[in-house]
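Input: a single structure, listed below in structure tokens.
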Amino acid sequence: MEPVTYVLFGATGDLAKRKIYPALFNLFIDRKLPQAFSLIGLGRREHTDASFRAHVAQSLQQFSRRQAEDAAQVEQFLQAFQYCVFNIGHQEDYRKLLGMVEHREQQLQMSPNRLFYLSVGPEFFGTIAANIQESGLGSAAGWKRLVIEKPFGHDLQSARELNEKLSKAFAEDEIFRIDHYLGKPMVQRLEALQQTNPVIQALWNNRYIANVQITANETVGVEERAGYYDHVGAVRDMFQNHMLQLLMMVAIQLPHKSHSEQVREKKKRVMEALEPLQRQDVGTYVVRGQYGAGSIQGKQVDPYRSEPGISSDSMNDTFIAAKLEIDDYFWRGVPFYIRTGKRMHEKSTRIVVEFKEPLKHSLPPEEQHVLPNLLIVEMSPGESITLRMNTKDNDTGQFSPIHIDLHPNYGEQPEAYENLIHDALRGDSTFFAHWDEVELSWAWVQPILDAFRENEVPLHHYAAGSYGPVQSSQLLERDGFHWWFDKPEASSPANGQETDARSVQQSEAKEGEHYAYNINR
Ligand code: BG6
């Protein structure tokens, strides 16, 4: 791997502590860092190199998935770390930084390849990029890369403005936009699942697939992030980025051994083919929810509006479900249902592909309870890929589903940040969000943002610990489908009484086996 100077803005912040240092350390253990590697941490807080290294060492103890073999190993890792007190708005600090970077490069005889990692609020992205350019930090003979994290803007216009600022200092192929969902091992495996299995590949289209369901539910609430979350809601926090990225990763059709340019092009095509949503249709295809009081794993929790820092009349969305359609040759007529929410019944990130049942109607009535085939990709908390098929018990004549595991036990997996930082160091942008996708995603959600802002669609309250508002189930029921694996008992009455009372009745009316969920047997 080529030598790299890793310039980390926000080196004393939370993300660095929880994710970046542990990821770098695990890459170091796996010998996946460049031989010539230097990290310069920047922050407002006073630190010497020694106290900074102690801060990093502590974060490893607290957050690394693997602990050091001995003190010497951590010592060796930390040799690469230096610190510089830094004010993002001061141009002279960038010149001071340049001196430090050049000195280090000469000391270690490294080519001047520089990776600028912005672990700071998005409001600083533009200033930092401009100063990197003006100070000469970005004009050395080696390569330069910029790594940033969502949010990439607040809406379509602000995203465009931000991109314009960044692109004055960095070319598109130098910008690595992290969407940590793309770093999840199971998301990265989706591509291979399709490419290396002709069986799956042959079925991956509207001839055989009835619908696709993408769920990212969390049990946590707003936590200490009220100031941020109350302005963004589930639509900006999860839907515009993570959920639409998952949709793209499911829907792209890739040739074997595709490279990052092809992935970018195919994802862009999926987004371009997404049926645009008209503002007046948001109420029909999108469900907005907010959690009320309830209980999660037996513990009573407060409603969103009583959370610290949230106003008692907040109209912010903590849940969103939507129906989307891709108007292309492969997917025309296949609904994609997407939902994500906080304070839900369980933490679960999963994709369910439901196959059509062409034979069902040719079966005699007593045999028509045969269940559709499903491909279930679990991403969190467990990781698995399972194909559900049907079999027949010859004694009873009953059909019953069997589950086929399509994966070995992968053992402990690297964290998303390890994969992504490693890719950024190597210059592989396959699993990063490209500008075209980001812009098209914002364009697709813009009518939702407008309709939510003006309260043109209802805000449905759901009980904490449930599966969200009943309207989310109705989104599918209208089309003759239902969310797979929602357990009826989890639809406890919510504050919006009507909402959840109906949900319980509907759930109970369902065939029990539709909900029987035990794929991890
Ligand atoms: C982040 C959101 O991007 O993703 C958080 O800002 C959310 O609100 C988190 O909790 C979920 O990530 P994961 O990997 O736990 O599903």
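The values are calculated or read from the model by the stated rules, or taken from the named source; none is laboratory data. Since this is a predicted model, take the numbers as computed values, not measurements. All Cβ positions, even for glycine, are placed from backbone atoms using ideal geometry, and neighbour counts span all protein chains on display.
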Condition first: charged (D, E, K, R) and either in contact (Cβ under 8 Å) with a residue 12 or more places away in the chain or not in a strand (DSSP E or B) (or both). Now tell me which residues in the stretch 384-424 satisfy that. 388, 393, 395, 405, 412, 415, 418, 423
For the stretch 192-219, which positions are at pLDDT 95 or above, more than 20 Å from the chain's Cα centre (by Cα) and among the β-branched types (Val, Ile, Thr)? 209
Every listed condition ((1) more than 16 Å from the ligand (Cβ to nearest atom); (2) over 30 Å from residue 404 (Cβ atoms); (3) touching a strand residue (DSSP E or B) at 6+ places or on another chain (Cβ under 6 Å); (4) in contact (Cβ under 8 Å) with a residue 40 or more places away in the chain) holds for residue 174 save (4)
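Residue-by-condition table, conditions (1) closer than 18 Å to residue 189 by Cβ; (2) of a type in the set (Phe, Trp, Tyr); (3) surrounded by fewer than 21 Cβ atoms within 10 Å (Cβ to Cβ); (4) under 32 Å from the mean Cα position of the chain (by Cα):
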residue	(1), (2), (3), (4)
327	no, no, yes, yes
344	no, no, no, yes
363	no, no, yes, no
370	no, no, yes, no
380	yes, no, yes, yes
392	no, no, yes, no
401	no, no, yes, yes
404	yes, no, yes, yes
Under 8 Å between Cβ atoms, at least 6 apart or on separate chains: pull out the pairs that start in the stretch 38-57 with a residue that is farther than 15 Å from residue 100 by Cα and end on any residue that is assigned to a helix (DSSP H, G or I). 47/55; 53/78; 55/17; 56/21; 56/78; 57/74; 57/78
Could you look through the stretch 318-347, keep only residues that are farther than 15 Å from residue 205 by Cα and part of a loop (DSSP other than H, G, I, E, B), and pick out the one that is farthest from the ligand (Cβ to nearest atom)? 345
Scan the stretch 156-179 for residues that are within 17 Å of residue 237 (Cα to Cα) and buried (at least 16 other Cβ atoms within 10 Å of the Cβ) and jot them down. 156, 159, 177, 178, 179
Since residue 64 meets every condition but one in (1) closer than 18 Å to residue 8 by Cα; (2) out of contact with any strand residue (DSSP E or B) (no Cβ under 9 Å at 6 or more places or on another chain); (3) of a type in the set (Ser, Thr, Tyr), which condition does it not meet? (1)
Here are some residues: 116, 52. Which one is out of contact with any Phe, Trp or Tyr (no Cβ under 6 Å at 6 or more places or on another chain) and either aromatic (Phe, Trp, Tyr) or part of a helix (DSSP H, G or I) (or both)? 116
May I ask you to list the residues in the stretch 163-186 that are part of a helix (DSSP H, G or I) and of a type in the set (D, E, K, R)? 164, 165, 168, 172, 173, 174
Could you list all residues from the stretch 461-490 that are in a loop (DSSP other than H, G, I, E, B) and of a type in the set (Asp, Glu)? 479, 486
If residue 378 satisfies all but one of (1) assigned to a loop (DSSP other than H, G, I, E, B); (2) more than 30 Å from residue 113 (Cα to Cα); (3) within 16 Å of the ligand (Cβ to nearest atom), what's the number of the condition it fails? (1)
Is there any pair linking a residue in the stretch 86-109 that is within 16 Å of residue 9 (Cα to Cα) and in a loop (DSSP other than H, G, I, E, B) to one that is charged (D, E, K, R) and at pLDDT 95 or above, with Cβ under 6 Å and at least six apart or on different chains, and which? 86/93; 87/93
Does any residue in the stretch 320-346 that is farther than 18 Å from residue 474 by Cα come within less than 7 Å, Cβ to Cβ, of a residue that is within 16 Å of the ligand (Cβ to nearest atom) and of a type in the set (Val, Ile, Thr) six or more places away or on a different chain, and which pairs are these? 342/220; 342/222; 342/318; 343/219; 343/296; 343/301; 343/318; 346/219
If you go through the stretch 47-70 one residue at a time, do you hit one that is at pLDDT below 95 and of a type in the set (Gly, Ala, Ser)? yes
Long-range neighbours under 9 Å by Cβ, at least six apart or interchain, first residue closer than 15 Å to residue 335 by Cβ within the stretch 203-216, second within 16 Å of the ligand (Cβ to nearest atom) and among the basic types (Lys, Arg): 213/339; 213/350; 214/339; 214/350; 215/339; 215/350
Do you know which residues across the stretch 1-12 are surrounded by 17 or more Cβ atoms within 10 Å (Cβ to Cβ) and in a loop (DSSP other than H, G, I, E, B)? 3, 10, 11, 12
What's the number of the condition residue 219 fails, among (1) farther than 26 Å from residue 421 by Cα; (2) surrounded by 21 or more Cβ atoms within 10 Å (Cβ to Cβ); (3) within 16 Å of the ligand (Cβ to nearest atom)? (2)
What's the number of the only condition in (1) under 22 Å from residue 478 (Cβ atoms); (2) part of a loop (DSSP other than H, G, I, E, B) that residue 315 fails to meet? (1)
If the requirement is being modelled with pLDDT of 95 or more, part of a helix (DSSP H, G or I), over 12 Å from the mean Cα position of the chain (by Cα) and away from the ligand (no atom under 12 Å from the Cβ), which of these qualifies: 160, 145, 189? 160
